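Okay, structure first, notes after.
The values are calculated or read from the model by the stated rules, or taken from the named source; none is laboratory data. Note that the structure is predicted; figures quoted are calculated from it, not measured. Every residue, glycine as well, gets a Cβ built from its backbone with ideal geometry; the counts of neighbours run over all protein chains shown. These accessible areas exclude ligands, DNA and RNA; they are computed on the full protein's heavy atoms, side chains included. Shrake-Rupley method; radii C 1.70, N 1.55, O 1.52, S 1.80 Å.
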Amino acid sequence: MTAAEPLQTATRPPATAPQAGRVDAGEPDPRRRLIFAIVSLGLFMASVDATIVATALRPIGEELHSTINWTGWTVTIYQLGQIIAMPLAGKISDQFGRKKVYLLSAALFTGTSLACGLSTSIYMLVALRAVQALGGGALMPSASGIVADHFGRDRDKALAMFTSIFPIGGIVGPVFGGVITQNWSWRGIFFINVPIGIVLVLLGLRFIPKGIRRPAASIDLRGVLLLALALLLGMFAITSLGSSNVTPWDPRFYAPLLAAVGFGVAFVRHSQRHPAPFIPPRLLWGKGFLTMNVINVLWGTTVLGFAALIPLYAQNRYHIQIASAGTLLSARAIGMICVAALSAMMLRRIGYRLPMIVGFTAVGIGLVMLAVRVPTGFPPYLWLAGWSLLTGLGMGISAPATNNASLQLAPDQVAQISGLRGMFRQSGGIFAVSVTTALLARSDNPGLTQAYALLVEAGIILLLIAMVFVVPDHRGRW
């Protein structure tokens, strides 16, 4: 999730008899608030990490002697790890228990955060970020499952409260990241996760009840491997273009690209034939899912691509200091907080399409204005902060509708769909960051290059708006 995986509610399930490990929805129980607070702490930790690294790309590259196209892997490899972890965690948390998966994920995230801060080369850091992402990516699906298990008929309200967690992390992360990096070291942005993670694991062990285990099924490891190889090789192909001596006709580019396509085709064919695939074909291109999956990919290219690189844009084009550049993401998060909860509450009245259209339009306008040269005499920071705020407002308006448009297609599979939705958004973010950083590595004017990239992202928003009209608009039915 990254900054782009914060908001969701869920279809209300039918009332059922109480089961072992679950709090009945009709019985008031103080444990619910405590459980929610603990899982929220984990999501907060993950949300901080989704934005905090974006403030330190330049210092990381300088200290570890890496070019921007390879430094960018600290962002994209994290997104790739989350892509694999999210849908996988949704499935295994159903089988082996939400609590166990949640706490193991938190422990893995915490340990690798410490290791990332001790990295001595860009290659070591990238490898550790991949492992860290497996822990961070598994937090959201398992947390959603814990809430669904213990809140019963009120789970839609509890899940809607996740609305505020990621934007708050989006405010705190860039501010802390900028201050820590400017006044201490980029390594501190990883060390900050360690005390939070230790507290989280101890609280979870003590207070989260054991959940329900679903019937066990085999894990499709071959499907996981095929998808991971397709995405990894695609990233490598795009990144290689950032080297000045590599052209589109160079085997170093087209060989991994062709291999990525081959693994992608193999993954699709495997999913069609496997009795229990990693991603069920119905959730890939079934009725309603194909449209929402494409929307989530395109949304990820604009939201996650923008989120990861806007501090770098402020530094490259306007020479704004690291600490101030990081707070531009905080401005976006503030915009989300201002409207997200209200938008979620209004969905039953207004449906999905209207908030998606309004929100996407606001984001598109914000991206265009960010790309425009700051008017003479106007402070660059205020100009960027103002339009970043508008993009946040647009995200806050559209995100609850976009999330529920997926969940309402199969309300009995909340954890898995939550993971798949994140997977598609992270895929879009990987593509956007990989392409942009490759272009920056070859550019003589990185700031202007990023401005053009923002205009391309605004064009993608137009395509998103057109697609909204085929989204099922189940007003009043979730």
- request: For every other residue with a beta carbon closer than 11 angstrom to the beta carbon of PHE190, add +1 if it is Lys or Arg and -1 if Asp or Glu, then tell me the sum.
  value: +1
- prompt: With the other protein chains left in place, how much accessible area per residue, in square angstrom, belongs to region 43-116 at a 1.4 angstrom probe?
  reply: 25
query: Rounded to the nearest 10 Å², what accessible area does MET395 show when all protein chains are kept and the probe is 1.4 Å?
result: 10
Rounded, prolate or oblate (a/c below 1.5 giving rounded, otherwise prolate when a/b exceeds b/c) for region 52-96 by Cα gyration tensor: prolate
query: Rounded to the nearest 0.05, what FRET efficiency is calculated for MET467 and ARG273 with R0 set to 41 Å and r the Cβ-Cβ distance?
result: 0.90
statement: In region 230-328, the trypsin sites (Lys or Arg not before Pro) that sit in a DSSP loop and have at most 12 other Cβ atoms within 10 Å of their own Cβ are LYS287
